Structure formats: structure tokens, C-alpha cells
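To start, the structure under review is shown below, and the notes come after it.
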Amino acid sequence: MMHLERYKRKFKELIQLERREQMLLYRKEIKSLDGRKRERLGRALLHMKCVKAERGLGGRKVLKFIKKSGEKLPETEISVGDLVIISRKDPLAKDSEIGTVSEKTSRALKIAFDREPKSWILAKEVRIDLYVNDITFQRMLEALDRLEKLKEENPELLGVILGYKKPEFESLPKIKFFNEKLNKSQRIAVKKALAAKHLFLIHGPPGTGKTVTCTEIILQHVSRGYKVLATSDSNTAVDNLLENLINSRAKVVRIGHPARISRKLRKYSLDYLIENSKIGERYMKLKAEIEALIKERDKYLYPSMKWRRGCSYSQILKLAKKGLGFRGVSAKKVKSMAKWISLQEKIKEMTKALKEEEEKLMETILNDCDVICATNSTCGIDILKRMKFDLVVIDEATQATEPSCLIPITLAKKVILAGDHKQLPPTVLSQEAKNKSLEKSLFERLLQIYNGTIAEMLDVQYRMNETIMKFPSQEFYDSKLKASKLVKNKTLKSLKCVKSEERTKPIVFIDTSAIKHLEKSRRGSTSKENPLEVELVFKIVSKLLNLGVREEHIGVISPYDDQVDLLRKKAAELRLMELEIKTVDGFQGREKEVIIVSFVRSNPKQEIGFLKDLRRLNVAITRAKKKLILIG
């Protein structure tokens with residue numbers, strides 16, 4: 001139990017600690033590494049130039065950048081949905097611009113801007129850097145302040161969150177399930193979630209259909225007239241929820257930057273619905289008029305400092321009226337600048353009208369739908385803060401920090417959290433914030449306070465062969481996890497593409513302890529790599545491919561960034577472009593027919609490093625469906 005003021009103070013301090021750590025890391029890297037080193041690390045692109053300007057969804061300006069030389073882009077971490085800084089040379093300079101990557105090819109990046117970018121971007125050679133997003137931190141702080149309002153409007157929910165109010169339940173309802181294929185534990189979870197008055201937890205171990213269960217819970221509430229907010233910390237998890245909901249009769253809208261929404265789901269985005277709405281004719285007309293005016297304006301001379309030479313816009317307009325030049329600038333150029341200024345004023349007025357029209361359309365569309373899907377952070381936008389929700393469902397809640405979950409929670413009367421505290425915790429960079437419990441999710445904290453009274457565990461998994469499942473079930477889930485008969489005895493031979501001579505067991509462990517090939521560390525790196533294990537991985541991959549296993553069926557996991565880097569370089573050499581290689585964190589939520597785990601650590605002290613955190617081990621081994629190969 002915690003007093004509200006103390007609770008707020010605690011998390012505000014932790015948010016600031018984490019924010020400072022992120023900014024510190026970002027600035028430290030930019031200051032300590034020159035652009036070429038950052039480009040080699042995949043966190044910057046140098047010598048870029050803008051070759052095309054267009055309008056994207058929501059009227060956003062989209063600029064296309066390529067290498068000035070015209071060559072292919074180097075390997076880079078910059079990907080679709082990332083926030084980036086565009087600068088002349090120094091990313092920390094005040095005139096740098098921030099945009100979102102909306103498209104990426106081997107030779108180009110398209111970047112969308114929420115406001116008109118500065119004109120120098122179109123003319124100058126630029127540098128593009130990965131960036132830290134500060135908006136989420138601000139929205140967490142705002143959510144903590146909104147708890148005062150929750151205290152007035154929904155003291156029971158706040159009491160459960162703070163640990164001094166016992167969760168209440170109504171009698172379990174009789175229901176007709178939309179998804180008749182739900183198993184017994186999923187059905188019980190849905191019923192208990194419906195019966196819960198204020199808050200309920202769905203504990204979903206790997207492969208147990210947690211998102212499917214969340215979907216049923218959402219649809220059951222919608223059928224009872226509830227307005228639902230469906231969220232998660234990541235765009236991928238929100239898209240998974242949306243994909244499950246779109247085949248129902250519920251009216252669903254996805255809010256978020258179109259670049260961060262799966263391409264096949266963009267037609268459900270708010271931006272798409274605004275532009276294609278029957279009631280959006282005035283909006284589209286205004287938008288077209290603004291586009292035409294921008295094209296017209298760009299025919300004239302932009303009044304840059306070079307040409308204005310200290311004159312204000314109003315002075316230029318007066319000089320043009322009189323047909324005069326000034327300070328070496330011809331009357332013709334003055335007239336051209338005046339025309340640019342006049343058209344820009346008109347564009348500003350019409351853009352304001354467009355924004356008002358957009359607000360009306362947004363409210364109409366959002367008020368008319370049953371379910372709104374968005375990330376936790378996006379729930380902090382003004383239009384959602386003005387709305388009232390009967391229910392919020394947060395999927396993958398154990399991967400979100402408590403303040404992140406509060407952003408959507410403070411908008412709803414009732415809360416369902418779904419996750420698995422036995423898998424990876426939220427990502428927290430600040431060690432001090434970790435020590436002060438920011439890494440403990442709201443889901444885990446509530447489970448510790450109320451035990452089983454507030455949660456239901458899904459106990460049938462549909463991913464792993466029973467042999468692969470056995471260890472995680474015993475070690476992490478009190479031996480309660482069961483394998484569905486659909487996957488229980490499935491091996492690689494079950495795949496049509498695999499030759500029948502494949503006879504190895506579902507789990508294979510390759511012991512390298514007797515070989516004197518120790519782990520290595522690169523200069524200046526805290527990560528680890530093991531070249532011997534890299535060679536073993538690709539020997540195994542080769543054998544699997546010869547047996548008929550497809551490249552895309554295989555996943556390679558290592559807990560160390562440098563080992564992942566080494567593995568990816570080797571894969572590129574061998575042209576294995578469909579082979580997925582990621583860290584443990586990168587594979588959470590994913591699955592493959594075959595998983596190869598490279599543990600890396602091999603040293604005289606027998607230190608195991610990352611895998612001291614058993615949750616990482618759990619994630620690593622539960623990604624495999626039919627075969628798990630462990631090297632270490």
C-alpha cells in the first residue's frame with residue numbers, strides 16, 4: 001500500500017532518472033564518436049541529399065533522401081518508424097530537424113515530418129542520425145498528474161493500483177463466445193475478466209494465445225456497449241491486436257504514425273480514414289488547394305537571410321508595391337519574394353482551417369468506433385485525453401514500465417493487463433532506476449500484492465513440441481503448462497519440405513567446454529563474441545538446409561550484440577538473407593520452427609553473464625516450435 005503523493009513522487013523521480021540516462025547515452029555517443037564511426041555502427045547516414053518532396057498520410061511532408069554519390073545505403077540500424085535527426089553537420093545544433101522514417105529501400109530513406117521542415121534540408125548535403133524520443137517521458141509525467149482526477153472519478157480503481165483496495169468481482173456471467181475454439185483456461189480468463197469490476201490480469205506463458213484471449217475479452221465488452229482502448233508498449237503488439245480484431249463486427253480504428261503501422265493494416269489508421277471518409281470532402285478539397293498553393297509559392301524566390309538582408313517581410317511587401325529594389329537586391333527579386341510571402345500567408349490561414357477540419361473529422365470517427373488501438377505513449381495525445389473509455393486492455397503489459405501503463409489507464413474505468421512476468425521485463429537503461437524498481441512492471445507488482453485472486457494463467461501452449469516445453473514448464477510455470485495435441489509430438493519431419501531422414505531429438509545440446517576457444521571482447525566494447533560458435537552455427541544451418549528446412553524457418557539467438565553482429569556478417573557472406581539473427585530481447589514475441597542459441601560465454605571463471613537472468617533463458621528456449629539447438 002502506498003499513499004498517492006508518495007507514489008507520484010517516486011515515479012516522477014524514476015522517469016527523470018531514465019530520461020537523463022537516455023539523453024546522456026545519446027549525447028555521449030554523438031560527442032564521442034564522429035559521424036563516420038556512427039555510420040559504421042549503423043546509427044547515422046552521412047552525405048545524404050533530398051531528391052524528392054511529397055505529401056503523405058495526414059498531409060505530412062515526406063522527403064526522399066539518397067546518398068549524394070547515388071550508391072547503396074550502408075548497413076544501418078535506422079529503420080521504418082524510427083525517429084531521426086536531420087542536420088547539416090552537427091545533430092545537436094539548434095536548427096536540426098526531427099522526422100520519422102516512413103519507408104526504407106536499399107538506396108533510399110523516406111522521412112515524414114509533422115511540421116514543414118526548414119528549407120535548407122532541400123538544398124544542403126545532410127546527415128541523418130537515430131534519435132531519442134522525449135514525448136513519451138512527458139506523457140508519463142502527465143499521466144501521474146492525472147491520477148488526482150482518477151482519485152475523484154474512480155477511487156476504487158486507484159485503490160487497487162495502489163494496493164489498499166481489494167479487487168471486486170461480480171458473479172461470473174453466462175456468455176456466448178465469439179471464438180468457439182478457445183480452450184478451457186482461455187474461457188475462464190475471459191469470464192473472470194468480464195466479472196472483474198476494476199482490474200484483472202491475464203498471465204500468458206509463451207504460445208498460450210494471450211492476444212487471442214485479449215481479443216475475445218475486447219469483443220465481449222464491446223457487445224455489452226463498452227468503449228474500449230486496446231494498447232501495448234510496442235507498435236508490433238498493437239498491430240497484432242488490431243489484426244485479430246478486424247475480422248469481427250467491431251468498428252476498430254488504429255491511431256499512430258502511418259510509418260509505424262504495418263503496411264497491410266494502414267487502411268484502419270485514423271489518417272487513412274480521414275482522407276477516405278465520405279464526410280471528409282471539405283478536408284480533401286482544402287488539402288488539394290494548399291498543395292496547389294505550395295507549388296505556386298515554390299516558383300518564387302524564398303526570402304532567405306541572403307536575399308532579405310535585414311529586411312522584415314512587411315518591408316519587402318512595401319518595397320514590392322513601390323517597385324523598388326534595396327541593398328543590391330533587384331526590384332524583380334523583391335517582387336518575387338513578396339509573391340512568396342503573400343502566398344505563404346494564405347497557406348498559413350488555410351492550414352489553420354485544415355487543422356480545424358481535421359480535428360472535427362477525428363472526433364467524429366473516434367466517437368463512432370467501438371475500439372481504438374494505440375501504443376501506450378500515443379494514448380497521451382490531446383484528442384484521446386478528452387475521451388472517456390469504459391475499458392482499457394494492455395497487451396504485453398509486463399514489457400511496459402508502470403508509468404507507461406498509466407498513460408492509458410488514467411483514461412478508463414476498468415483495466416485488463418495481459419503479459420508474462422516470467423519473460424523479459426521492461427527495458428530500463430538507468431541502473432539507479434532499476435535499483436529503485438522501475439524494471440518491475442505494474443502487472444508483476446499487482447500479482448505480488450493480490451496473488452492468484454486477481455489473475456488467471458493460460459495453461460495450454462500451441463507453439464512447442466512437448467520435449468522443448470518441459471523445462472520451461474517445470475522451471476517457470478510450476479509444471480502447469482501443457483502442450484496442445486496439435487503441437488505435442490510435432491518434429492521437423494512434420495514439415496512437408498523436410499526429408500524423412502531427419503531423426504534427431506527435438507532438443508540438441510552441443511557442449512564446447514572441452515575446446516579451447518574462449519570468448520572475446522572487442523576494444524572499447526562491453527559485449528562478447530565467440531568465433532568458434534559462429535562456425536558451429538553455420539555448419540548446423542547448412543545441415544538443416546540440406547535436410548530441406550527453409551531458411552526462413554530458422555532463427556539464431558545470442559544474448560550478446562557483438563556475437564549477433566558477427567553472425568549477421570557471416571550470414572551476409574553466405575547470402576543467407578532470410579536467416580533471422582537477433583538478441584534474446586529482439587526475439588521476444590517471435591517463434592521459428594528451429595531455434596539455434598549461441599550462448600557465447602566460455603571462460604576459466606565459468607561466468608555465464610546475461611543468462612544469470614533466468615527470464616532471458618526462458619525467452620531464448622521458448623521461441624522454438626519443433627527443434628531447439630543449444631551451443632555453449
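Condition first: out of contact with any Gly (no Cβ under 8 Å at 6 or more places or on another chain), among the hydrophobic types (A, V, I, L, M, F, W, C) and not in a strand (DSSP E or B). Now tell me which residues in the range 401-412 satisfy that. Outline the logic, then answer.
We begin by selecting, within the range 401-412, every residue out of contact with any Gly (no Cβ under 8 Å at 6 or more places or on another chain); these are 401-406, 408-412.
Subset that is among the hydrophobic types (A, V, I, L, M, F, W, C): 405-406, 409, 411-412.
Matches in the range 401-412: Cys405, Leu406, Ile409, Leu411.
Every residue in the range 87-109 that is within 21 Å of the chain's Cα centre (by Cα) and either farther than 28 Å from Glu573 by Cα or of a type in the set (S, T, N, Q) (or both), please. Working first, answer last.
Taking the range 87-109 first, the residues within 21 Å of the chain's Cα centre (by Cα) are 98-105, 109.
Scanning the range 87-109 gives Ile98, Gly99, Thr100, Ser102, Thr105.
Sort out which residues of the range 560-576 are acidic (Asp, Glu) and under 22 Å from Leu617 (Cβ atoms), and write them in order of number. Walk me through how you get there before you give the answer.
Narrowing the range 560-576 to residues acidic (Asp, Glu): 561-562, 565, 573.
Of everything in the range 560-576, those that are acidic (Asp, Glu) and under 22 Å from Leu617 (Cβ atoms) turn out to be Asp561, Asp562, Asp565.
Return yes or no: is Lys318 at pLDDT below 90 and out of contact with any helix residue (DSSP H, G or I) (no Cβ under 8 Å at 6 or more places or on another chain)?
On the way: at pLDDT below 90: no; out of contact with any helix residue (DSSP H, G or I) (no Cβ under 8 Å at 6 or more places or on another chain): yes.
The answer is no for Lys318.
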Worksheet item: How many residues are exposed (fewer than 14 other Cβ atoms within 10 Å of the Cβ) and in a strand (DSSP E or B) if we restrict to the range 464-509?
Response: 2
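Restricting to the range 510-538, give me the number of residues that are part of a strand (DSSP E or B) and among the acidic types (Asp, Glu).
From the range 510-538, those part of a strand (DSSP E or B) are 510, 520, 529; that's our starting set.
Those still in the list that are among the acidic types (Asp, Glu) too: 529.
Final tally of qualifying residues: 1.
Mind listing whichever residues of the range 357-381 are among the β-branched types (Val, Ile, Thr), touching a Leu at 6+ places or on another chain (Cβ under 7 Å) and in a helix (DSSP H, G or I)? Step through it out loud before you land on a result.
Step one: filter the range 357-381 for residues among the β-branched types (Val, Ile, Thr), giving 364-365, 371-372, 375, 378, 381.
If we keep only those that are touching a Leu at 6+ places or on another chain (Cβ under 7 Å) too, we end up with 365, 371-372.
Correct list: Ile365 only.
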Discussion item. Please verify whether Pro173 is in a loop (DSSP other than H, G, I, E, B), in contact with a Lys or Arg (Cβ under 8 Å, 6 or more places away or on another chain) and crowded, with 16+ Cβ neighbours inside 10 Å, treating the condition exactly as stated.
Written reply: no
Worksheet item: Is it fair to say Lys12 is within 30 Å of Tyr450 (Cβ to Cβ) and either at pLDDT 90 or above or among the hydrophobic types (A, V, I, L, M, F, W, C) (or both)?
Response: yes
Worksheet entry | Candidates Leu17, Leu73, Leu63, Leu4 - the one that is touching a Cys at 6+ places or on another chain (Cβ under 7 Å) and hydrophobic (A, V, I, L, M, F, W, C) | Leu63
Worksheet item: Between residues in the range 169-195 that are β-branched (Val, Ile, Thr) and residues that are surrounded by 14 or more Cβ atoms within 10 Å (Cβ to Cβ), which pairs lie under 6 Å by C-beta distance while being six or more apart or on different chains?
Response: Ile188/Glu456; Val190/Glu216; Val190/Ile217
Practice prompt. Return a yes/no flag: does the range 539-547 have any residue that is surrounded by 12 or more Cβ atoms within 10 Å (Cβ to Cβ) and either assigned to a loop (DSSP other than H, G, I, E, B) or at positive phi (or both).
Written response: yes
Item to complete: Could you check Val212 against (1) closer than 23 Å to Lys264 by Cβ; (2) in contact with an Asp or Glu (Cβ under 9 Å, 6 or more places away or on another chain); (3) hydrophobic (A, V, I, L, M, F, W, C) and say which number it fails?
Response: (2)
Discussion item. Val600 - would you say it is at pLDDT 95 or above and in contact with a helix residue (DSSP H, G or I) (Cβ under 7 Å, 6 or more places away or on another chain)?
Written reply: no
Worksheet item: Consider Lys333 against the criteria (1) surrounded by 12 or more Cβ atoms within 10 Å (Cβ to Cβ); (2) free of Cβ contacts under 8 Å to residues at least 24 places away in the same chain; (3) charged (D, E, K, R): it satisfies all of them except one. Which criterion is unmet?
Response: (2)
Worksheet item: Looking at the range 106-118, is at least one residue touching a residue at least 60 places away in the same chain (Cβ under 8 Å), of a type outside the set (Phe, Trp, Tyr) and surrounded by fewer than 20 Cβ atoms within 10 Å (Cβ to Cβ)?
Response: no
Worksheet, complete the sentence: Here the residues within the range 124-154 that are surrounded by fewer than 20 Cβ atoms within 10 Å (Cβ to Cβ), among the aliphatic types (A, V, I, L, M) and outside any helix (DSSP H, G or I) are Val132
Item to complete: Could you list all residues from the range 70-95 that are assigned to a loop (DSSP other than H, G, I, E, B), within 15 Å of Cys50 (Cβ to Cβ) and either in contact with a helix residue (DSSP H, G or I) (Cβ under 8 Å, 6 or more places away or on another chain) or modelled with pLDDT of 85 or more (or both)?
Response: Leu73, Arg88
Practice prompt. Scan the range 297-305 and give yes if some residue there is farther than 30 Å from Glu359 by Cβ, at pLDDT 85 or above, outside the structural domain of Leu245 (by the TED database) and in a helix (DSSP H, G or I), otherwise no.
Written response: no
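The values are calculated or read from the model by the stated rules, or taken from the named source; none is laboratory data. It should be emphasised that the depicted structure is a prediction, and the values quoted were computed from it without experimental measurement. Neighbour counts are summed over all protein chains in view; Cβ atoms, including those assigned to glycine, are modelled from backbone coordinates with ideal geometry.
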